[in-house]
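Single-structure report; data block below.
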There are 2 protein chains.
Amino acid sequence: MNIDLAIAKILKKIRENKGISQEQLAFKADLHRTYISQLERGLKSITVKTLFKITESLEVEIDEFIKLVADELENVQSNKQTKS
Amino acid sequence: MNIDLAIAKILKKIRENKGISQEQLAFKADLHRTYISQLERGLKSITVKTLFKITESLEVEIDEFIKLVADELENVQSNKQTKS
């Protein structure tokens, strides 16, 4: 899994857990709904600056968000190593 | 202070503390030295993807790096509030 896909997965998971729609998140973070949708499909590389806006809107700490992404990438890699 | 400037400050500080030159960091992270220099002057908005490459090259955890950036932004804001 690449980084954009890991970010996509964590973003979608947190947003859904918070019960917020893509539209609501887009509005809160002053971004386009299409952009949120692209992020959640791993089609865009987000800047740290924009991630600050999104995590603020989701009311999560940005470093905790990034930790989840790093853990996600590590888990995928260790699963690969176990399988090979 | 904006986010790019906070990232610039933390990046430069960690790189210098580790005794690594901009050239060495650029080589390790497979980036251009000019780009590292622009980042350290807050002239570029880094993607999370590229920040992963840089923090790996600096041998620091990306979530710890981001925490330092968030703290830097918070300190600046609380200093502003104290002054006003």
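Under the combined filter of DSSP loop state and at most 16 neighbouring Cβ atoms within 10 Å, chain A retains these GluC sites (Glu not before Pro): A:59, A:61.
What percentages, rounded to whole numbers, describe P(r) for the protein assembly as shown computed over all alpha carbon pairs with 10 Å bin width beginning at zero? Going from the shortest bin to the longest, the percentages are 10, 36, 35, 17, 2, 0.
For region A:13-52, the convex hull drawn through the C-alpha positions has a volume of 70 cubic angstrom per residue.
Taking every alpha-carbon pair in chain B and binning the separations at 5 Å intervals from zero gives 3, 15, 26, 27, 15, 7, 4, 3, 1 percent. Here the spin labels are modelled as points 7 Å beyond Cα on the Cα-Cβ line, and at residue A:74 and residue B:41 they lie 3.7 nm apart. Residue A:55 sits among other residues whose Cβ lies under 10 Å from its own Cβ, and their net charge, with Lys and Arg +1 and Asp and Glu -1, is -4. Amide H contacts for residue A:18 (H built 1.01 Å from N in the peptide plane; partners 5 or more residues away or on another chain; cut-off under 5 Å): none found. Give me the distance between the Cα centres of region B:1-26 and region B:31-84, rounded to whole Å. Spelled out, the Cα-based centre of one part sits 7 Å from the other. A label point on residue B:16, set 7 Å along the Cα-to-Cβ line, lies at 4.6 nm from each of its counterparts in the other copies, closest listed first. Which one of B:69, A:57, B:35 is farthest out on the positive end of the charge dipole of the protein assembly as shown, using unit charges on Cβ (Lys, Arg +1; Asp, Glu -1) and the Cα centre as origin? Positive-end residue among those listed: B:35. Between copies, residue A:33 shows label-point distances of 4.9 nm, shortest first, with the point placed 7 angstrom from Cα along Cα to C-beta.
Laboratory data are not the source of any read-out in this text; all were calculated from the coordinates shown. The structure displayed is predicted, hence computed values, not measured ones. Positions of Cβ are generated from backbone atoms using ideal geometry, with glycine treated the same way; all protein chains shown enter the neighbour counts.
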